[in-house]
Amino acid sequence: MSTSWDDLTEGAGPAPREYGPLTRTDFVRYQGASGDFNPIHHDEEFAKSSGFPTVFSVGMLQAGILGAYCTDWLGAENVRRFAVQFREQVWPGDHLECTATVVRKYEDGRERKVDLGLLVTRKESGGTAIKGEATFVVP
Amino acid sequence: MVDKSTVGLRDEPTEIPIERGKIREFARATMSHNPAYVEDRSPVAPPTFLTTLNFWTRGTESPLAKVGLDLRRLLHGGQEYVFHGPPPRAGTELTAQTRVDNIYEKEGKRGGTMTFVETVTEFRDPSGNLVAEARSTAIETAQAPT
């Protein structure tokens with residue numbers, strides 16, 4: 001399940017992974033799991049009255065998908081920092097692609113660490129949904 | 001109108017138990033099939049799991065509610081989690097306390113001023129050790145986001 005220190009190279013990363021098409025059910029399931037019940041993500045009338053064409057995904061859903069992509073690769077216990085900036089909204093029907101790149105491989109005291117550059121891309125439009133960074137220890 | 005005097009304001013500490021069933025539910029909702037989350041009897045929390053603090057706080061008492069943001073013009077700009085060791089395991093009892101950390105303005109690309117509000121939540125174990133910190137950036141745009 002875990003990737004070894006020698007397998008990690010600056011400028012390289014794991015295979016990209018594709019998700020979707022994202023559905024309204026995915027949004028609702030995430031809202032139930034997270035406790036964020038903002039109606040703009042599931043109530044069509046509310047979203048339209050707020051000026052949007054339809055409901056859109058919770059930013060923290062695609063952030064969570066990206067987090068799981070990283071911990072699948074480097075281990076659930078090893079994450080030490082995970083940060084995201086939200087860019088484009090994600091809409092029902094979108095396919096997403098997660099990618100990760102090692103930007104720095106280093107020793108910090110007695111711990112070996114990697115810093116990652118992360119992206120969630122909307123496959124259809126090519127737009128960036130999330131730009132992220134993470135730090136993992138590598139036991 | 002955003003009230004900058006709210007910087008430094010804190011809420012009351014909230015107890016937040018880390019629960020196995022909630023971790024499993026969260027892992028599935030974020031499309032993870034990692035056995036570390038769904039099969040382990042005492043799994044660690046996924047990287048963004050502490051957002052479930054939502055279940056334990058009352059929104060109207062949050063310091064962010066006192067800042068005076070216009071909810072119709074509000075965007076979630078970013079989110080950061082820092083862990084001072086492995087993420088907390090199911091069965092851990094944490095205490096969370098949130099403060100307004102910073103309020104600042106930037107000119108938007110399409111004109112108008114955007115207001116950024118950063119809140120920081122500290123998660124501590126029963127001994128008072130800092131386990132994790134969450135930094136959330138809310139953005140009030142000049143116009144409703146369309």
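Descriptive notes on the structure:
- Ascending count of other beta-carbon atoms within 10 Å, so fewest first, for A:110, B:72: A:110, B:72
- Computed on the range A:9-137, with alpha-carbon pairs under 8 angstrom and 6+ residues apart, the relative contact order is 29 percent.
- Chain A: angle of helix A:24-34 to the longest principal axis, Cα-based, in degrees nearest 10: 60
- Estimated distance in nm for a label pair at residue A:4 and residue B:41, the labels positioned 7 Å out from Cα along Cα-to-Cβ: 3.1
- Top positive-direction residue, dipole computed over chain B with Cβ charges, set B:14, B:113, B:79: B:113
- Long-range amide H partners of residue B:92 with built H, under 5 Å: B:18
- Assuming charge only on the beta carbon of Lys and Arg (+1) and of Asp and Glu (-1), the dipole of the protein assembly as shown about its Cα centre is about 240 debye to the nearest 20.
- Spatial separation of Cα centroids for the range A:1-78 and the range B:16-87, in angstrom: 12
- In order along the range A:36-41, the phi-based Karplus estimate (6.51 cos²θ - 1.76 cosθ + 1.60, θ = phi - 60°) of 3J(HN,Hα) comes to 9, 10, 3, x, 4, 9 Hz; Gly and Pro are listed as x.
- Packing order of peptides A:21-31, B:25-35, A:69-79, highest average first: A:69-79, B:25-35, A:21-31 (average count of other Cβ atoms within 10 Å over each peptide's residues).
- Amide H contacts of residue A:124 (H built 1.01 Å from N, under 5 Å, at least 5 apart or other chain): A:95
- With an a/c value of 1.5 or above and a/b larger than b/c for the gyration tensor axes a ≥ b ≥ c computed over the alpha-carbon atoms, the range A:46-139 is described as prolate.
- Charged-residue dipole, Cβ positions (Lys, Arg, Asp, Glu), chain B about Cα centre, Debye nearest 20: 380
- Entries of B:66/B:106; B:4/B:106; A:123/B:22 with Cα pairs more than 25 Å apart: A:123/B:22
- Acute angle (nearest 10 degrees) that the helix B:20-29 long axis makes with the longest principal axis of chain B, alpha-carbon atoms: 60
- Per-residue average of Cβ from other chains inside 10 Å of B:39-49: 5
- Straight-distance crosslink candidates among lysines, where the alpha carbon sits under 26 Å from residue A:105 and sequence neighbours closer than 8 are dropped: A:113, A:131
- Whether chain B is rounded, prolate or oblate, judged on the alpha carbon gyration tensor where a/c under 1.5 counts as rounded: prolate
- Whole-Hz ³J(HN,Hα) from phi, Karplus 6.51 cos²θ - 1.76 cosθ + 1.60, for the range B:100-105, glycine and proline x: 7, 9, 6, 10, 8, 10
- In the range A:20-139, a dipole from Cβ-located charges (positive for Lys and Arg, negative for Asp and Glu) runs towards its positive end, and of A:39, A:56, A:89 it is A:89 whose Cα lies farthest in that direction.
- Each peptide among A:124-137, A:54-67, B:101-114 gets the average number of other Cβ atoms lying within 10 Å of its residues, and from highest to lowest they stand as A:54-67, A:124-137, B:101-114.
- 3J(HN,Hα) along the range A:72-79: 4, 7, 10, x, 4, 7, 9, 6 Hz, from the Karplus curve 6.51 cos²θ - 1.76 cosθ + 1.60 with θ = phi - 60°, whole Hz, x for Gly and Pro.
Laboratory data are not the source of any read-out in this text; all were calculated from the coordinates shown. Just so it is clear, the structure is predicted and the values come from calculations on it, not from any experiment. All Cβ positions, glycine included, derive from the backbone under ideal geometry; neighbour counts span all protein chains shown.
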